[in-house]
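Reading through the structure tokens given below for one structure.
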Amino acid sequence: MTTSSQRADLARLIDPACIALVGASDRPHSIGGRTLTNLIDHSTLRGELYLVNPTKTELRGRRCWPSVAALPQTPDVAIIAVPAAGVLAVAEECAARGVPFLVILTSGFGEAGAEGERAQQRLKEIADAAGMRIYGPNCPGLCNINARLGMTFSPSFPHDLVPGPIGLATQGGGLGRNVMQAMERGVGIGLWASTGNEVDLQVADFIHYMATAPDIKVIITLLEGIKDGPRLLAALQCAADNGKPVIALKVGKSEYGQRAAQSHTASLTGSAEVNSAVFRQYGVIEVDDIDELVDTAWLFARAMPPAQEAIGIYCSSGGTAALTADAVGTSGLKLAEFAPHTRELLRSRLPDYAAIDNPVDTTAAILADADLIEQTLGAVTTDPNLGCVLAPIALEYGATTVSLAHTIRAAQQQSSTPIIPIWMSDRLGEGYRLLVEGGFAPPRSVGKALKAVQRWTEWGRWQRAGGLGEPRRPLPATSSVPATGTVRNLSELEAKQLLAQSGIALLPAAVAATREEARRIADEMGYPVVAKIASPDVVHKSDIGGVKVGLASGAEVEQAWDAIMASVRQHKPTAAIDGLLIEKMAPRGGFELMVGVTRDPVFGHVMTFGLGGIYVELLRDVTRRLLPLRPADASAMVREMRCYPLLQGARGKPPADVAALERLLLAVSDFVMAHAGHLEEMDLNPVWVGSEGEGALPLDAVIVMLDGA
């Protein structure tokens, strides 16, 4: 796990004492020219800035040096703004000089085809050999707003200088700059890292840095692809350990988005379901659009969610109050019940026709009385039974709205409970500006505000429940599959024997090569039994008539032999057939669930668990976790399913053996970890779960292994 000393190492990049700009220019619209302007005119430098340009002796009244080698001291950071053809030579010169960090603004590398990819690989080789770190290439630069330092060519930098406790880590520059421009709503972003092609430093490294950075309270990230899953997980774990929320917008949830993200970043986008499952496991707050990202981050920056979750609503419009109350209910949140002293103050100060229960509808009649609004809003805000106050503003009403904005600001100064003004009008008047200047960043609709509150509340619950908990889940090793490996489907009997050797309980089973042997095995087991085709070429047996259940006699076993063989030969005439697998029938009743494991190319082995049998693909009632599991993970997986109430016992049925089911999930996790180097995929479907005390048994098993297992 990255330590605070590693954060300090990155601090030398993020807040350098000495910078060299290689490719400094007097052409105002060039990359070197715009970067020079941002550094000289709009940044506060705490040390030397050296300009490197072999064709100039001075720029903007500053001396120019012909090369990095000629500089009087070694810079902490060299910003490279030369054409792509010259970048490798500059990188070699910086490596020889011992420059610790390069910020490469230049494009034309991995995003530009095979030749650019070769140049990018050479760039990495140069850096690795020298122990030099690279930020970029093909990036807009690095902006440390809290230190007022812009190592960027963006002409927007001078307009995005609102410091604050939010840290932003992105891969793309355009979406990142879009988030930065949320500063227009009063959102202060202290650090923006936009990592470009990520030849070395990645978004994960900046999340890790911000996890312990004292000036960053909330971390937001926009991800197009994930190159190194374990590296990202280490960063997320560090953020969770330090109580810092990470709010993520991951593009690539559809096939269209995945194709676009891969073409943009050349990174793996991964499965959207797996990404979301991993985010939930590590406490990451996943959002769906930029507005939701900004609204949620702003709320966390204002206050961390308290144990008291209930919400107060304060409004001057009855319809708006009802709309907001509806949104609270449909979001699964709860309205507060005011304390007696709050209700008494509201009753004594508001008109008789005002609504003093939650939601508070003051009516428009009192909007002209700023003192009265401040007193009553202050009473609601300081009520001990709520965690936040929603103050929806339905319309821009000139001086009246200005007065309301002033009273909201004044009331907030008297309470640590966040007031969330919701600006619902398309007219952004002086009242809106006053709220922005007060640091409120008003959400633009009731729905958006409630989305933020919902995310805020859920993360607070996760934190209070122990967050990542103890013991820590080991971070996965690299999940890449050896290029020379080929996969093999184990037979069902092989798979079950391997599971049994690991201590997983199974029903008795054996393969019969002949009809007579099948009857003999069944007689010895005792009836009823199940007969299944035993063939390495048939995975989904029931789809081609390869399974017969409930066989109650030797004659039925022989009939099953004939029927199964005929059906399989009809549907799979070239399949190699070993015979029939005869297995003891599971007891009557019980539930059919499924447990599956796949190797995700980004994060490693992931377990999928849910409703099984023929319903898994139809109803998709499943939950996922990154392996290995802890007991708390197994318990949560069972309880997250929509069908969990059925396992608890419904309509007179006895409760299922949930404890045995949880033990099975943990045993499968242990099995996968023991075979992690070879296991590619496994599918236990169905898994039979009996009533309490009857256990949980895989009835079918498919395991795919790499050669060498």
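The values are calculated or read from the model by the stated rules, or taken from the named source; none is laboratory data. Note that this is a predicted model, so its numbers are computed, not measured. Neighbour counts run over all protein chains shown; Cβ positions are idealised from the backbone, glycine included. Just so you know, the surface numbers come from the protein's heavy atoms only, side chains and all, with ligands and any DNA or RNA stripped out. Shrake-Rupley method; radii C 1.70, N 1.55, O 1.52, S 1.80 Å.
What residue, among those in the stretch 13-46 that are modelled with pLDDT of 95 or more and open to solvent by 70 Å² or more (accessible area, probe 1.4 Å), is nearest to the chain's Cα centre (by Cα)? Filtering first and then ranking leaves Thr44.
The helices (runs of 4 or more DSSP H) falling completely within the stretch 592-709 that include 3 or more residues that are crowded, with 17+ Cβ neighbours inside 10 Å map to 631-640, 658-674. Please go through the stretch 187-211 and pick out each residue that is more than 24 Å from Asp128 (Cβ to Cβ) and either modelled with pLDDT of 95 or more or of a type in the set (Lys, Arg) (or both). Ile189, Gly190, Leu191, Trp192, Met210, Ala211, listed by residue number. Comparison of Leu49, Leu105 shows that the only residue that is over 32 Å from the mean Cα position of the chain (by Cα) and open to solvent by less than 70 Å² (accessible area, probe 1.4 Å) is Leu49. Being touching a residue at least 40 places away in the same chain (Cβ under 8 Å) and either more than 29 Å from Gly110 (Cβ to Cβ) or touching a Cys at 6+ places or on another chain (Cβ under 8 Å) (or both) is a property that holds for Ala24.
Note on the stretch 176-224: residues that are part of a helix (DSSP H, G or I) and open to solvent by 20 Å² or more (accessible area, probe 1.4 Å) total 8. Only residues that are of a type in the set (D, E, K, R) and over 15 Å from Leu390 (Cα atoms) were counted in the stretch 283-311, giving 5.
For the stretch 2-9, the criterion of being farther than 30 Å from Asp241 by Cβ and of a type outside the set (Gly, Ala, Ser) is met by no residue.
Quick check on my filter: what residues within the stretch 562-591 are open to solvent by less than 30 Å² (accessible area, probe 1.4 Å) and out of contact with any Asp or Glu (no Cβ under 7 Å at 6 or more places or on another chain)? The answer is Ile564, Met565, Ser567, Val568, Gly579, Leu580, Ile582, Glu583, Ala586. Against the numbered list (1) at pLDDT 95 or above; (2) surrounded by fewer than 23 Cβ atoms within 10 Å (Cβ to Cβ), Glu255 comes up short only at (1).
Within the stretch 503-521, residues that are more than 28 Å from Ala660 (Cα to Cα) sit with their Cβ atoms under 9 Å from residues that are surrounded by fewer than 14 Cβ atoms within 10 Å (Cβ to Cβ) and among the acidic types (Asp, Glu), at 6+ positions apart or across chains, in these pairs: Arg515/Asp562.
Please work out which residue is modelled with the lowest pLDDT, limiting yourself to the stretch 118-173 and to residues that are surrounded by 18 or more Cβ atoms within 10 Å (Cβ to Cβ) and in contact with a His (Cβ under 9 Å, 6 or more places away or on another chain). Looking at residues that are surrounded by 18 or more Cβ atoms within 10 Å (Cβ to Cβ) and in contact with a His (Cβ under 9 Å, 6 or more places away or on another chain), I get Gly172. Determine whether Glu92 is open to solvent by 30 Å² or more (accessible area, probe 1.4 Å), touching a helix residue (DSSP H, G or I) at 6+ places or on another chain (Cβ under 6 Å) and not hydroxyl-bearing (Ser, Thr, Tyr). Answer is yes for this residue. Within the stretch 518-543, restricting attention to residues that are under 15 Å from Val702 (Cβ atoms) and assigned to a helix (DSSP H, G or I), the residue that is least open to solvent (accessible area, probe 1.4 Å) is Ser542. The residue list Asp670, Asp700, Asp633 contains one member that is more than 23 Å from Leu468 (Cβ to Cβ) and not aliphatic (A, V, I, L, M), which is Asp700. Taken over the stretch 200-217, residues that are farther than 16 Å from Leu10 by Cα and in contact with a Gly (Cβ under 7 Å, 6 or more places away or on another chain) amount to 0.
Filtering Arg148, Arg185, Arg231 for residues that are of a type in the set (Lys, Arg) and under 21 Å from Ala127 (Cβ atoms) leaves a single hit, Arg231. Could we say that Ala119 is hydrophobic (A, V, I, L, M, F, W, C) and either closer than 28 Å to Tyr282 by Cα or in contact (Cβ under 8 Å) with a residue 60 or more places away in the chain (or both) here? Criteria not met by Ala119.
Could you grab me the full set of residues in the stretch 563-591 that are farther than 23 Å from Lys496 by Cα and either aromatic (Phe, Trp, Tyr) or not in a loop (DSSP other than H, G, I, E, B) (or both)? Hits for the stretch 563-591 are Ala563, Ala566, Ser567, Arg569, Gln570, His571. Take the conditions (1) open to solvent by less than 10 Å² (accessible area, probe 1.4 Å); (2) over 20 Å from Ala204 (Cα atoms); (3) in contact with a strand residue (DSSP E or B) (Cβ under 8 Å, 6 or more places away or on another chain); Ser67 misses just one of them, which is (1). Restricted to the stretch 18-136, the set of strands (runs of 3 or more DSSP E) holding at least 1 residues that are farther than 22 Å from Thr170 by Cβ comprises 18-22, 48-52, 62-65, 77-80.
If you go through the stretch 73-89 one residue at a time, do you hit one that is more than 21 Å from Glu198 (Cα to Cα), open to solvent by 10 Å² or more (accessible area, probe 1.4 Å), modelled with pLDDT of 95 or more and not hydrophobic (A, V, I, L, M, F, W, C)? Yes, because at least one residue in the stretch 73-89 is more than 21 Å from Glu198 (Cα to Cα), open to solvent by 10 Å² or more (accessible area, probe 1.4 Å), modelled with pLDDT of 95 or more and not hydrophobic (A, V, I, L, M, F, W, C).
In summary, helices (runs of 4 or more DSSP H) completely within the stretch 342-450 and bearing 3 or more residues that are open to solvent by less than 20 Å² (accessible area, probe 1.4 Å) and modelled with pLDDT under 95 occur at 370-381, 399-413.
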